[in-house]
Amino acid sequence: MKKKTLAMLLSWTLILAVILTGCNNAGSGGGSDSGSNAGGGDSGTDGKVTLKFMHLWPAGSSAQQNKLVNDIIQQYQTDNPNVTIKQEVLENEQYKNKLKILSASNELPDVGVTWAAGFLEPYVKGSLFAPLDELLNGSLGEKFIAGTTEAYAVDGKTYALPIELNISPIYYNKAIFDKYNLQPPATYDEFLNVVKTLNDHGEVPIALGNKDRWTGSLWYMYLANRVGGDALEKAINGSGKFDDPALTQAAAEVQKLVDMNAFNKGFNGLSNDEGKSEFMNEKAAMYLMGTWELPNFTTNPDIPQEFKDKVGFFKFPTIDGGKGDINSWVGGPGVGLFAAQNSKVKDEAQKFIQYFVEKWGESSVTEAGVIPATKVDTAAVQLPQLYIDLLNELNQASSLTLFADVQMKPAAAQAHLDMIQALFGKAVTPEDFVKNHQAAIDKGN
Amino acid sequence: MDKVMSNRLVAALYVLPALLLLLVLVYIPIVLTGYYGLMQWDGIGAMTFIGLDNYTRLIQDSTFWQSANHTFLLALFSALSLIGYLMIALVLSGKIKGANLFRKIYLIPMLLSSVAIAQLWLKIYHPSNGVLNSFLEAIGFSNPPAWLAEPSLVLYALFVPILWQYAGFYILIYYAALKNIPESLIEAARIDGANPWQIAFRIKLPLITEVIKVTVVLAVVGSLKYFDLIYVMTDGGPNGASEVMASYMYRQAFRSFDFGYGSAVGFFLLLICLVVTWLLRKATASKDTIQYS
């Protein structure tokens, strides 16, 4: 009997201990949390405010951007001593997943990163993002390059502010081109000739990692644009159809390139990073990618200058008889910042977004070497030539076509990406390729 | 202590914390998944009740059946590979030189996380400068395949690291079971003139049948819900050629924003796992368990 009481006593103490420590933690955590929220509710008082900020520039893979974010946050905290900013950093793919899960439980961070158009729409429809039109109507509005904020608007309200603007050139290795006396091609026939010459000499013409699918999508989008003008955009937004012969022809061109061995071997099983490394290691001559890669060719100290000097770019060539002109680009605003609709410190979040966009605009050029969505004064700073050239191209762009998987709604985007991989893997005919696209678009949502 | 345990209240008290955790982390999510499977839901906005529509769609979804097919292939391969593991364990449990070293070698993959293993095998399978293709080229194959980009090969290319990953686990289980057999039994058999084969197949294997049954269930159910290596290495591609049920569920819920359908796939997967486990237990049930006295 004595033993039994002892055992009972022991187990109860254990349970109590667990409960008490649990409560204690929850208590203190909850306390500081509610304190900060109460303070944030009216940012006029000198109460402490904690802002949660989730972004996708880890120190490992986006070193320049990560440093920039930290600088901005530090400055902001110095200027606003009552504000503490808690960062959460995730890789691109994990970021998207976490955002999704947080949305389902309605626990979004106060400020976060989002993509435009079709990606943003479900979040807006679920009233998770706060409209930011007030910021746009203020002094911030005129800082954006015309047309960049529209991609973040749903039903006339803007739900996120862009911080990047991208176009996608074909980067090429000048040394490899020189070796075979090749010039950057201006027409598609010349381009095919470049591919053929490189192939004949045992060089890999184009680096591609199509496991990620959107990488192959860039090639298809350009071909669709050069053959059919804005046919693809129209088919996506519903004002046209995928049965436009230009879209089938573009798909056929992709398979023609595959048949010519234009891309590195096994591209459908390689991620974009693996594909990119073929180009970075000078094992492939060309690489089609967004200008977010610019730091690797200009400012990133980890890449040898010798390689950086070899990198040039050209615009996607025009196709004889096609409708697209050479100055229309695949690109558009990259990621933007949103404020959560149910954030308890919404005012503070908006203030931070305004601050972030301005600072990012000023320093992203010089420090990270990426092109911001706000206007850049190139005269004031010393910039790499490659950067200036691309910025000039951007200013002369006749049209910017937003990446197809961002334009489309999630389910259709997924179908598009799967179809792209099938097309490159020759698992689908160009005719079925467009047919399946139409079916996915028709399904809606 | 027996006295303490005979008190039902105390016993319940000890079980309660684990039971609560299990309930909150396992059983409630299972019920919720089944519930979401009845909804049309993008994971963010409002849910609409659509009855069994997701399930009827599932039955007619050829991509789902394709991935289910891949899953069953994986389960089959896992079950068959157990024979190999068993053989290795039999050899290791005998008195051979270096058995200790081999045991450690087999166990090492267990220590690595799936993602690390995936990265390692991505390097091995790299189409142009991977270890495998470099080797094949060195011994005279002029154009070895791009293993992870070839729809007809990718699934089998993935099975290799998956089976390799779990080899140590099963070998360890078998090894422990075999070591548990009293030496005196084997000694007696040897004196009666049994050769090593007879000892292995007439004495050792029958004595560990219960363990073998458990590993079969573990291997089959484990492969039915297999996800991580495939997700990292191929993401189900190219063009669905390496999609399994779990990765298909993930794709529907998190990529296509179709949480309802994804939940239906998940719930269906659970049902399949339950049925298969039940069938396996049924098929391997035996009344007379052999015991060493």
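Some values worked out for this structure:
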| quantity | calculated |
| --- | --- |
| Helix-only CD estimate at 222 nm, as mean residue ellipticity for chain A, using -39500 (n - 2.57) per DSSP H run (n ≥ 4) | -15500 deg cm²/dmol |
| Protein heavy-atom accessible area occluded, B/A pair - total, 1.4 Å probe, Å² | 3100 |
| Local net charge near B:Lys95, Cβ-Cβ under 15 Å (Lys/Arg +1, Asp/Glu -1) | +3 |
| Degrees between helix A:430-442 axis and first principal axis of chain A (Cα, 0 to 90, nearest 10) | 30 |
| Residue of A:Leu294, A:Leu161, A:Leu102 that the Gaussian network model of chain A assigns the largest fluctuation, springs spanning Cα pairs under 10 Å | A:Leu102 |
| Fully extended contour minus Cα-Cα distance, from A:Lys174 to A:Thr187, at 0.36 nm per residue | 2.9 nm |
| Fluctuation leader among A:Ile420, A:Ile326, A:Ile371 - chain A, Gaussian network, Cα springs under 10 angstrom | A:Ile326 |
| Cα→Cβ-extended label distance, 7 Å offset, between B:Ile105 and B:Lys179, nm | 1.9 |
| Relative contact order computed over the stretch A:52-123 (Cα-Cα under 8 Å; 6+ residues apart), in percent | 46 |
| Mean Cα-pair separation over length for the stretch A:295-445, i.e. relative contact order, pairs under 8 Å, 6 or more apart, % | 23 |
| Label point at A:Ala439 placed 7 Å out along Cα→Cβ; residues across the stretch B:37-71 whose backbone nitrogen lies under 11 Å | B:62-63 |
| Average partner coverage of B:149-156, which counts Cβ from other chains inside 10 Å | 3 |
| Per-residue average of Cβ from other chains inside 10 Å of B:229-239 | 5 |
| Helix-derived mean residue ellipticity, 222 nm - over chain B, DSSP H n ≥ 4, -39500 (n - 2.57), to 500 | -21000 deg cm²/dmol |
| Förster radius 22 Å - calculated FRET efficiency between A:Ala59 and B:Ala116 (Cβ-Cβ, nearest 0.05) | 0.65 |
| Distance (nanometres) between label positions extended 7 Å along Cα→Cβ at A:Glu134 and A:Asp259 | 6.0 |
| Charge tally in the Cβ shell below 14 Å around B:Leu38, where Lys, Arg are +1 and Asp, Glu are -1, B:Leu38 excluded | -1 |
| Förster-model FRET efficiency, 60 Å R0, A:Asp79 and B:Val214, C-beta, rounded to 0.05 | 0.45 |
| Selected from B:Val26, B:Val216, B:Val160 as most flexible by GNM, with chain B as the system and alpha-carbon contacts under 10 Å | B:Val26 |
| Protection proxy ranking, peptides B:125-136, B:259-270, average beta carbon neighbours within 10 Å, highest first | B:259-270, B:125-136 |
| Gained length - A:Asp347 relative to A:Ile388, 0.36 nm times residue gap less alpha-carbon distance | 11.1 nm |
| Contact order normalised by residue count of chain B, Cα under 8 Å, 6+ apart, percent | 29 |
| Local net charge near A:Pro184, Cβ-Cβ under 10 Å (Lys/Arg +1, Asp/Glu -1) | +1 |
| Number of partner chain Cβ atoms within 10 Å, mean per residue of A:208-218 | 2 |
| At R0 = 56 Å, FRET efficiency that the Cβ-Cβ distance of B:Val131 and B:Arg8 yields, to 0.05 | 0.40 |
| Cα→Cβ-extended label distance, 7 Å offset, between A:Thr429 and B:Leu80, nm | 3.5 |
| Accessible area (Å², per residue) of the protein assembly as shown, counting only protein heavy atoms and a probe of 1.4 Å | 47 |
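The values are calculated or read from the model by the stated rules, or taken from the named source; none is laboratory data. What you see is a predicted model, and the numbers here were worked out from it, not measured in a lab. A quick note on method: Cβ atoms are made from the backbone with ideal geometry, for glycine too, and the neighbour counts reach across all protein chains shown. Ligands, DNA and RNA are stripped out before the accessible areas are found, and what is left, the full protein with its side chains, is counted by its heavy atoms. Shrake-Rupley method; radii C 1.70, N 1.55, O 1.52, S 1.80 Å.
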